[in-house]
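Working notes, structure below.
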Amino acid sequence: MTAPAADPWLTIVEAAQRLRGGEVTSVELTRASLERIRATDERVRAFITVTEEAALESAAAADELLRSGDAPSLLTGVPIGLKDVLMTAGVRTTAGSRMLDQLIPPYDATSVARLRAAGAVAVGKTNMDEFAMGSSTEHSAWFPTANPWDLERVPGGSSGGSAATVAAGQCVASLGSDTGGSIRQPAAFCGVVGLKPTYGRVSRYGLIAFASSLDQIGPFTRTVEDAALLLQEIAGPDPLDSTCSEAPAPDFSVQLGEGLEGLRIAAPREFFERNAEGQGMDEGVAAAVEGALELLAGAGASLDRGASLPSVGYSLPVYYVLAPSECSANLARYDGVKYGYGSRGGASMWADMEATRQEGFGREVKRRILLGAYALSAGYYDAYYLQAQKVRTLIRREFDAVFAGADLIVAPTTPTVAFRQGEITDPYQMYLNDIYTIPANIAGLPAISLPCGFAEAGMPVGLQLIANRNSEALLLRAARAFEGLGEWGLRRPSLG
Ligand code: GLN
């Protein structure tokens, strides 16, 4: 029997209160999380690996700390999920790929080590598109994950498992990674909060690399306050990652509660209009997002609908040159020799390497490697890679110009609600999912998706807020204030 106070639907803040008030122990809370996973994960399939024994051990250790009053953090004793792209010492880590079928890392990613040091209880590794390439978690080498709001729909991706586990009430929070939208898009599809921090804010040591100039680790939570707490634990300089900012992490929660009064929010036209091909938000999404803009204005923010990011429309093409280029370099290490899957017994070493990559990578990953190798090859480099870098600089500058006159930018997170499994087969259509999220990665900006309503078939809609570099505290303040204006975040899927 689960103790009634042990409810994996709790927020981090609520769980911390109950753990400190002695209403519940971490072992009870962790058992409840594991039971919920057992009861629902045959349908949701959020997890590749569940680490039941290790979780109960860390929970018992957390209870010791809580009893002696030495709990290092509000996360102490709280059950969380980890995207399978993060290295976990002694626990199989696959990045959703056959290539890493047997990888048992000897060390923890820094973000994971920091959560462990905080006393958080990792219950397992969540499903994802192979090497974080995808928008639906259908490109996992293992199995697809379902959206808890409608099991026939996708949870988004690539961090689909991390979004689904929070939405399904299996874990209190989780970590994902976002290269072009992989935290915010699944958060929007699953009706939870997802935050991509400023580029360089969180150490990537132990994050299996996809596109190094874009990748960031960030939290999935039920509330904005929880996102601030989780970010606090993982952010800040790391001697093990030279690409991590040396600026110490500020207190991300200081401005929570300050409200929207006086904030200047830009709603750049390009995010709200249909482009030349007639692409834009679906009606239901547009209605929810427009409603959100009215709420923001009604709560004291000033809304600038005249703002413009003229080159933002090139973000998607820029991304699909840069991300594949970087991935073709990063994934060159999977050659069957150093680690991971290795095909043996071919006519030569080269034949084995070829077979390793042929058998170890899925179709989407191969497509990206080919695209990237092409874009970087002699004669094409200037035409594609260099050109994309120039446009990237242009986009960054346009964001800087908007932020000269605004505190925040508001945008939709996705053009549609979660689509049905198998519905999108054309890769380009799939890429269009990230049309609103990619610009923040291109410019290295922090951005959050939070629930703002429901549309077609009762599926959740996300609102995206984007802030200037290193302005997470302000971003979280506005997000927290918006969250208080409605109850969308409180609804739960009926699942089980
Ligand atoms: N969906 C995008 C892609 O396929 C973004 C993925 C990500 O953010 N990791 O590349």
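The values are calculated or read from the model by the stated rules, or taken from the named source; none is laboratory data. In this text, all values refer to a predicted model and were calculated from it rather than measured experimentally. Neighbour counts are summed over all protein chains in view; Cβ atoms, including those assigned to glycine, are modelled from backbone coordinates with ideal geometry. Keep in mind that these areas ignore ligands, DNA and RNA; they rest on the heavy atoms of the full protein, side chains included. Shrake-Rupley method; radii C 1.70, N 1.55, O 1.52, S 1.80 Å.
Odds and ends about this structure:
- Looking across region 218-234 at every residue that is open to solvent by less than 10 Å² (accessible area, probe 1.4 Å) and of a type in the set (A, V, I, L, M, F, W, C), the one that is nearest to the chain's Cα centre (by Cα) is identified as PHE220.
- Taken as a whole, the condition of being of a type outside the set (Phe, Trp, Tyr) and closer than 15 Å to GLY194 by Cα applies to ASP178.
- Scanning region 437-449 for residues that are touching a helix residue (DSSP H, G or I) at 6+ places or on another chain (Cβ under 6 Å), more than 10 Å from the ligand (Cβ to nearest atom) and in contact (Cβ under 8 Å) with a residue 60 or more places away in the chain gives PRO439, ILE442, PRO446, ALA447, ILE448, SER449.
- Residue in region 479-487 that is buried (at least 21 other Cβ atoms within 10 Å of the Cβ), among the charged types (D, E, K, R) and under 18 Å from the mean Cα position of the chain (by Cα) present: no
- Looking only at residues of region 300-327 that are open to solvent by 30 Å² or more (accessible area, probe 1.4 Å) and more than 25 Å from the chain's Cα centre (by Cα), we find that the one that is farthest from GLY484 (Cα to Cα) is PRO310.
- The residue list VAL417, VAL410 contains one member that is under 18 Å from SER302 (Cα atoms) and within 22 Å of the chain's Cα centre (by Cα), which is VAL410.
- Of the criteria (1) buried (at least 19 other Cβ atoms within 10 Å of the Cβ); (2) within 16 Å of the ligand (Cβ to nearest atom); (3) of a type in the set (Asp, Glu), which one ASP426 fails: (1)
- Those helices (runs of 4 or more DSSP H) of region 152-263 in which 1 or more residues are in contact with a helix residue (DSSP H, G or I) (Cβ under 6 Å, 6 or more places away or on another chain) and within 16 Å of the ligand (Cβ to nearest atom) occupy 160-167, 184-190.
- The listed residue being open to solvent by less than 10 Å² (accessible area, probe 1.4 Å) and at positive phi, out of GLY181, GLY191: GLY181
- If the condition is being of a type in the set (D, E, K, R), under 25 Å from ASP41 (Cα atoms) and outside any helix (DSSP H, G or I), then region 54-107 contributes LYS83, ASP84, ARG92, ASP101.
- Only one of the numbered conditions (1) farther than 21 Å from PHE399 by Cβ; (2) at pLDDT 95 or above is not met by SER302, and that is (1).
- Any hit, region 48-61, residues being open to solvent by less than 10 Å² (accessible area, probe 1.4 Å) and within 20 Å of GLN232 (Cβ to Cβ): no
- Qualifying positions in region 129-150 - in contact (Cβ under 8 Å) with a residue 60 or more places away in the chain and under 14 Å from the mean Cα position of the chain (by Cα): ASP129, PHE131, ALA132, MET133, GLY134, SER135, SER136
- Options GLY360, GLY340, GLY336; residue that is in contact (Cβ under 8 Å) with a residue 40 or more places away in the chain, more than 16 Å from the ligand (Cβ to nearest atom) and open to solvent by less than 40 Å² (accessible area, probe 1.4 Å): GLY360
- Per this entry, GLY134 is not counted among residues that are touching a Phe, Trp or Tyr at 6+ places or on another chain (Cβ under 7 Å) and more than 16 Å from TYR339 (Cβ to Cβ).
- Test: residue in region 375-398 that is at pLDDT 95 or above and either within 14 Å of the ligand (Cβ to nearest atom) or not in a helix (DSSP H, G or I) (or both): no
- On inspection, ARG367 does not qualify as surrounded by fewer than 20 Cβ atoms within 10 Å (Cβ to Cβ), away from the ligand (no atom under 16 Å from the Cβ) and within 25 Å of the chain's Cα centre (by Cα).
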